[in-house]
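S.K.: Could you have a look at this structure, given as structure tokens, before my questions?
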Amino acid sequence: MSKIEEALKKIRAQGNEGAQKGMIDTRRQLVKSADPSLESRPQHQIVRMSEPRSLSKTELINSRIIFPAMDDTEVVNAFREARTKILQATGGRNCSILVTSVSNTAGCSFVALNLAVAFTFDEARTALLMDCNIQHPAYHELMTGNPGPGLGDYLEDETIRVDQIIHPVGIPRLRIIPAGREPTPDREYFTSQRMLQLLKGVRERYPDRYVIMDSPPIMEAADTRILAEVSDYVLLVVPYGRSTEVQIAAAVKAIGKQKLLGIIFNDEPRLPKLLRLGRRQAGSAGS
Amino acid sequence: MSTSYLHIIRGLTHDVIQHKSFVVSLFVLVNIAAVSVGLVWPKTYTSSTTIFVEEKNIIQPLMQGAAVATDVRDRAGVAKDLLFGRKNLNEVLDRAGWFKKDTTEIEKDRLMDRVKARTKILNVGRNLIKIEYTDSNPERAFKTAETFAKTFVQESVGTQTHESQAAFDFIDSQVKMYHEKLTSAEQGLKEFRSQTVDARPGTEEEVQARINALQNTIEKTSLDLKEAQVKEASIDKQLSGEAEMTASLTREAQYASRIAELQSQLENLRLSYRDTYPDIVRIKHQIDDLKEMVVTEQKQRDAARKAGKSGGKVVVDESVRVNPMYQQLRRDLYASKTNMETLKARLDESKLLLNKELERARRIHSGEAEQAELTRDYTVNRDIYQDLLRRRENARVSRNMDQDKQGLSLKINEPAFLPLQPSGLRFMHFMIGGILLGMILPVAVLFGVQKVDPRIKLPVLISEKTNLPLLVVVPHLTAPAERAAAAASLRWHFAAVLVTLGFVATTGVLRAIGAI
């Protein structure tokens, strides 16, 4: 235990250093970050993104968020691999990716959040995580204090500007649009012009920004299908041992094959360390 | 191959960890059940004994060739039949102390059935029978097995003596029977012989030879007779006509020569005299007379010829009768007639004899078949009788030997023993079985569930079955709190397994030292 603690301290010290550096950078660029005239110079914008606070490693671990120096390299590598594959598929252009799932407990939000985090590992890229699961918001826990207005508010209230709903969460280069308050159910928000504008805006505002949308299970919400239509790509999360072949096929059919980037097989149980023999071969055979 | 063994094992391991509560509770339950069953499982003790049986059948060598005894291969089956007979079983149970004074017949019946069910009689080797008895009481097991063996030996020996006595009695009765048959056959033969004297062996050939001889005689006699008849006819013919003619011709010739003589005298006289000369006239007269006599003679001869032809009585004149030739012929004729008569008589006699012989031959033929049958009966009976006599003597010896217990061919090879260790399933078997079953059963259940569960657990199946791109497999990310909970849960489960094992072991030890 002592060794692990030492290692953690070390990592924390390094992280603080980096964070402080970032803080200095951001402070310097703070005033100009909101300036729309700077949007045409993306390479410099990233460093100017303001990071009001940084989450500690313990917080990350407790929130089940990945970070590069994590002990659990398998999960980190899985998300890195996913990110690389997406980049390959999209040809490096930024895009909006809808993350949906087959069933309710598939861990869709976990995948969406960590995928977004994985995009931010690369210092040249930023990610925007949009919580489109308005009925079951997932990321409000990350927002300390008053989460502020979210997607629901934005769609409901036309006076709210885009920059008002984009919040930093303490992870470098990651911004989140929380679900916000629940809008009145008699309206189709996601098909509204405002939603389309929002999507277009957030994606095109920064050429290196990847928009990840977390959505309800595709078979359970009509909203998701609409979102699938407006997004560039779709990822389907299939939980371990909880969905059948038929369910997957139905979900894929609902999404449409041309938009489907692929399937993420989530939450595969892990054997205790003693029993991990052969895990590598099986894993490699599976992927 | 859709799923390799590695995948199956991996899936199973995941399932075991995921459902560890189920696995552990099933393990505990199975172990407790096994231990409980093991505790109440009755201890059984088996006592066994082997009996050596010599390959010997008393009737077989005795009756070799004459009778065929059934070959006894299934000795255990025979022993079973013997021992499980009501009489013997009753005796065994009585001797082994199963019956008490107040045991009713129904209870006895039930006891017999129980003992029968727990007794095994097996062929161990070619000549070994194993009697095995299992009981919850070692003492009783030993006693019953021992009694079974003793009873078997006793009964078998008794049976053997009885068998040899029976064999002797049987052969003896057969001897008597054949003696009677032989006597009757002899009697029949005797009667037949006395009735048909000429029915001796070889008579037929004799009769045939005689018949042949008689037939030859008859043929010869017939020929002779014919010859004699021809001869007689010829002599008779000679005697009747030819003799007269000869005599008459002789006289004519005399007359003709006298005439010729007188004619020459007349010629001479005519040369010197005239015809009126007396001598000439007289000679002329003389010639005329002679000529007349010739004519008469000729007439007479013709008449005789005619008479001879018509068969009339020929008057033979004296001159002929005295003729020696005639006389000779007459003698021959008589001789020939006598000869003919003799031959006729002989022919008749021969024919009579032939008929007699033929009659006899017929008699002999019918008698011979009867005789052959009688003789055959006699021979067969005599042979069997002699054979049986010899066998009876052998049987007598065997019987005496068995009566003196000389030919004992049965002995207890390995006496029954008092079993100290219980046989069959012991507590240890239940312990080990429980642990193994406790481990295997949950895994088997999970495996079965995995087989029928349509939910996808292997990432490889996604691309295989749905033909969709699998982007990545994300392993479960364990939060620290979760990890702690999992570790605690694992500890609890592990503790439960250990406690169960400890319980099983303790019960085993207690059982071993006899506390339970």
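The values are calculated or read from the model by the stated rules, or taken from the named source; none is laboratory data. Note that the structure is a prediction, hence the values are computed from the model and not measured. For neighbour counting, all protein chains shown are included, and Cβ atoms are generated from backbone atoms with ideal geometry for every residue, glycine included. Just so you know, the surface numbers come from the protein's heavy atoms only, side chains and all, with ligands and any DNA or RNA stripped out. Shrake-Rupley method; radii C 1.70, N 1.55, O 1.52, S 1.80 Å.
S.K.: Select from region A:83-124 the residues that are closer than 19 Å to A:Val252 by Cα, within 12 Å of chain B (Cβ to nearest Cβ) and within 12 Å of the chain's Cα centre (by Cα) and list them in ascending order.
M.R.: A:Ile97, A:Val99, A:Cys108, A:Val111, A:Ala112
S.K.: Check A:Ser101 against each of (1) in contact with a Gly (Cβ under 9 Å, 6 or more places away or on another chain); (2) closer than 17 Å to A:Ile176 by Cβ and name the one condition it does not meet.
M.R.: Tallying (1) in contact with a Gly (Cβ under 9 Å, 6 or more places away or on another chain); (2) closer than 17 Å to A:Ile176 by Cβ, A:Ser101 fails exactly one: (2).
S.K.: Where residues in region B:15-34 are farther than 14 Å from B:Ala444 by Cα and surrounded by 21 or more Cβ atoms within 10 Å (Cβ to Cβ), which of them is nearest to the other protein chains (Cβ to nearest Cβ)?
M.R.: So the residue we want is B:Asn31.
S.K.: Sticking with this structure for a sec: With the structure loaded, tell me whether B:Lys465 is open to solvent by 20 Å² or more (accessible area, probe 1.4 Å), in a helix (DSSP H, G or I) and at the interface with another protein chain (Cβ under 7 Å from one of its Cβ atoms) or whether it fails that test. Outline the logic, then answer.
M.R.: Numbers: open to solvent by 20 Å² or more (accessible area, probe 1.4 Å): yes; in a helix (DSSP H, G or I): yes; at the interface with another protein chain (Cβ under 7 Å from one of its Cβ atoms): yes.
Yes.
S.K.: Assess whether B:Glu219 counts as being at pLDDT below 85, among the acidic types (Asp, Glu) and farther than 30 Å from B:Tyr326 by Cα.
M.R.: So B:Glu219 fails the test.
S.K.: Got a sec? Which of B:Leu501, B:Leu510 is within 30 Å of B:Glu139 (Cβ to Cβ) and away from every other protein chain (no Cβ under 14 Å)?
M.R.: Residue meeting the stated conditions: B:Leu510.
S.K.: Inspect region B:410-430 for any residue being more than 60 Å from the chain's Cα centre (by Cα), away from chain A (no Cβ under 14 Å), assigned to a helix (DSSP H, G or I) and surrounded by fewer than 15 Cβ atoms within 10 Å (Cβ to Cβ) and give the result as yes or no. Show your work before the answer.
M.R.: Initial filter on region B:410-430 (more than 60 Å from the chain's Cα centre (by Cα)): B:427-430.
This time we only want the ones that are away from chain A (no Cβ under 14 Å), so: B:427-430.
The next check asks that each one be assigned to a helix (DSSP H, G or I); those that pass are B:427-430.
Okay, now just the ones that are also surrounded by fewer than 15 Cβ atoms within 10 Å (Cβ to Cβ), so B:428-429.
Yes, the conditions are met somewhere in region B:410-430.
S.K.: So which residues in region A:220-259 are open to solvent by 20 Å² or more (accessible area, probe 1.4 Å) and touching a Pro at 6+ places or on another chain (Cβ under 8 Å)?
M.R.: A:Asp223, A:Thr244, A:Glu245, A:Val246
S.K.: Hey, another quick one. Let me spell it out: the conditions are (1) closer than 30 Å to B:Gly514 by Cα; (2) open to solvent by less than 70 Å² (accessible area, probe 1.4 Å); (3) not basic (Lys, Arg), and B:Met439 meets all of them except one. Which number is the exception?
M.R.: (2) is the only condition that B:Met439 fails.
S.K.: Filter region B:468-479 down to the residues that are within 7 Å of chain A (Cβ to nearest Cβ), open to solvent by 20 Å² or more (accessible area, probe 1.4 Å) and assigned to a loop (DSSP other than H, G, I, E, B) and list them by number.
M.R.: Step one: list which residues in region B:468-479 are within 7 Å of chain A (Cβ to nearest Cβ), which gives B:468-477, B:479.
From what's left, open to solvent by 20 Å² or more (accessible area, probe 1.4 Å): B:469-470, B:473, B:476.
Listed by number, the residues that qualify are B:Pro469, B:His476.
S.K.: Would you check if B:Val397 is open to solvent by 80 Å² or more (accessible area, probe 1.4 Å) and of a type in the set (A, V, I, L, M, F, W, C)?
M.R.: On the way: open to solvent by 80 Å² or more (accessible area, probe 1.4 Å): yes; of a type in the set (A, V, I, L, M, F, W, C): yes.
Yes, satisfied.
S.K.: Could you tell me whether B:Thr50 is open to solvent by less than 30 Å² (accessible area, probe 1.4 Å), modelled with pLDDT under 90 and either touching a helix residue (DSSP H, G or I) at 6+ places or on another chain (Cβ under 8 Å) or under 30 Å from B:Lys116 (Cα atoms) (or both)? Even if it seems obvious, please write down each step before you answer.
M.R.: Numbers: open to solvent by less than 30 Å² (accessible area, probe 1.4 Å): yes; modelled with pLDDT under 90: yes; either touching a helix residue (DSSP H, G or I) at 6+ places or on another chain (Cβ under 8 Å) or under 30 Å from B:Lys116 (Cα atoms) (or both): yes.
Here the answer is yes, as B:Thr50 does meet what is asked.
S.K.: Only residues that are out of contact with any strand residue (DSSP E or B) (no Cβ under 7 Å at 6 or more places or on another chain) and within 14 Å of chain B (Cβ to nearest Cβ): list them for region A:222-242, please. Full working, then the answer.
M.R.: Initial filter on region A:222-242 (out of contact with any strand residue (DSSP E or B) (no Cβ under 7 Å at 6 or more places or on another chain)): A:222-223, A:225-226, A:229-230.
Within region A:222-242, no residue meets the criteria.
S.K.: State the number of residues belonging to region A:94-137 that are more than 23 Å from A:Leu260 (Cα to Cα) and either small (Gly, Ala, Ser) or assigned to a strand (DSSP E or B) (or both). Give the derivation first.
M.R.: Pass one, region A:94-137, residues more than 23 Å from A:Leu260 (Cα to Cα): A:121-124, A:135-137.
Adding the requirement that they be either small (Gly, Ala, Ser) or assigned to a strand (DSSP E or B) (or both) leaves A:124.
Count: 1.
S.K.: Any idea which of A:Leu275, A:Leu271, A:Leu260 is at pLDDT below 85, farther than 18 Å from A:Val76 by Cα and within 8 Å of another protein chain (Cβ to nearest Cβ)?
M.R.: On inspection, the qualifying residue turns out to be A:Leu275.
S.K.: Okay, next question. If you scan region B:83-124, which residues turn out to be open to solvent by less than 70 Å² (accessible area, probe 1.4 Å), closer than 17 Å to B:Ala149 by Cβ and assigned to a loop (DSSP other than H, G, I, E, B)?
M.R.: Scanning region B:83-124 gives B:Phe84, B:Gly85, B:Ala96, B:Gly97, B:Trp98.
S.K.: Of all residues being surrounded by fewer than 20 Cβ atoms within 10 Å (Cβ to Cβ) and touching a residue at least 40 places away in the same chain (Cβ under 8 Å) in region A:61-73, which is nearest to the other protein chains (Cβ to nearest Cβ)? Just the residue, please.
M.R.: Initial filter on region A:61-73 (surrounded by fewer than 20 Cβ atoms within 10 Å (Cβ to Cβ)): A:62-64, A:67-73.
Next, only the ones that are touching a residue at least 40 places away in the same chain (Cβ under 8 Å) stay: A:63-64, A:67-69, A:71.
On the way: A:Ser63: 8, A:Arg64: 5, A:Phe67: 12, A:Pro68: 15, A:Ala69: 15, A:Asp71: 10 Å.
Here the residue is A:Arg64.
S.K.: For region B:480-516, what are the residues that are farther than 22 Å from B:Val16 by Cα, open to solvent by less than 60 Å² (accessible area, probe 1.4 Å) and aliphatic (A, V, I, L, M)?
M.R.: B:Val504, B:Ala505
S.K.: Which residues, counting only those in region A:219-242, are out of contact with any Leu (no Cβ under 8 Å at 6 or more places or on another chain) and not in a loop (DSSP other than H, G, I, E, B)?
M.R.: Pass one, region A:219-242, residues out of contact with any Leu (no Cβ under 8 Å at 6 or more places or on another chain): A:219-223, A:225-226, A:229, A:232, A:237-242.
Those that are out of contact with any Leu (no Cβ under 8 Å at 6 or more places or on another chain) and not in a loop (DSSP other than H, G, I, E, B): A:Ala222, A:Asp223, A:Arg225, A:Ile226, A:Glu229, A:Val237, A:Val238, A:Pro239.
S.K.: Check A:Pro216, A:Pro207 and return the single one that is touching a Ser or Thr at 6+ places or on another chain (Cβ under 8 Å) and either exposed (fewer than 14 other Cβ atoms within 10 Å of the Cβ) or not in a helix (DSSP H, G or I) (or both). Break it down stepwise before answering.
M.R.: Values: A:Pro207 fails: touching a Ser or Thr at 6+ places or on another chain (Cβ under 8 Å).
Checking each option against the conditions leaves just A:Pro216.
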